[in-house]
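Right, one structure below, let's go through it.
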Amino acid sequence: MQIKKSFSMNSRTGRDLQRYNRGCRQVVGCIPYRSKKRDPSSCVQQGSTPIDDLEFLLISSQKNPRMMFPKGGWEIDESLEEAASRETFEEAGVVGEVEVQEYLGTWSFKSKSQGIFHEGHMFPLRVTEELDDWPEKSVRRRLWVHVYFLIFIRNNLTTIT
């Protein structure tokens with residue numbers, strides 16, 4: 001699902017519009033990916049991308065040097081897909097197609113900084129454009145990594161903190 005909405009160059013702030021489910025803050029994010037061939041139509045025409053061509057986008061945390069996928073609060077004035085697309089734009093400076101048919105699932109986690117539980121929803125996002133300017137550019141770094149790097153991390157670390 002390509003979100004056709006234009007985004008503000010200012011990140012949303014505050015918790016006034018945040019969604020909660022039984023006291024858990026609702027968080028949504030994306031796993032941005034692209035083909036190294038940089039031809040977005042190659043994924044669509046063939047229905048899939050060979051694993052050797054896949055790269056994934058990680059972003060730095062605002063609070064520490066860790067790298068992660070973009071995610072943030074799901075607000076009451078937007079759909080789940082719109083929130084995923086907005087958060088990815090604000091934090092990572094990329095836009096693309098949120099693949100709602102490939103919903104990756106829901107997980108619960110405890111916020112280390114706030115000590116409250118969140119419920120997260122994740123989608124793949126096929127990147128169609130990487131922007132030079134985005135709302136959180138001054139506080140985040142982007143890092144494209146090959147799919148084999150992510151597999152190596154998963155297979156060699158027992159926990160990622």
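The values are calculated or read from the model by the stated rules, or taken from the named source; none is laboratory data. From a predicted model like this one, the values you see are computed outputs, not experimental measurements. Positions of Cβ are backbone-derived with ideal geometry, glycine not excepted, and every protein chain shown enters the neighbour counts.
A few comments on the model shown:
- Applying the condition of being in contact (Cβ under 8 Å) with a residue 40 or more places away in the chain and among the charged types (D, E, K, R) to region 109-129 and asking which residue is nearest to ALA83 (Cα to Cα) yields GLU119.
- Selection count where residues are closer than 20 Å to LEU17 by Cα and surrounded by 15 or more Cβ atoms within 10 Å (Cβ to Cβ), scope region 93-123: 5
- Filtering region 68-92 to residues that are in a loop (DSSP other than H, G, I, E, B), touching a residue at least 40 places away in the same chain (Cβ under 8 Å) and either surrounded by fewer than 18 Cβ atoms within 10 Å (Cβ to Cβ) or under 8 Å from the mean Cα position of the chain (by Cα) (or both) leaves PHE69, PRO70, ILE76, ASP77.
- Of the residues making up region 104-128, those that are farther than 23 Å from PRO65 by Cα and touching a helix residue (DSSP H, G or I) at 6+ places or on another chain (Cβ under 9 Å) number 7.
- When the residues of region 26-55 are filtered to those that are among the aliphatic types (A, V, I, L, M) and in a helix (DSSP H, G or I), the one that is modelled with the highest pLDDT is ILE51.
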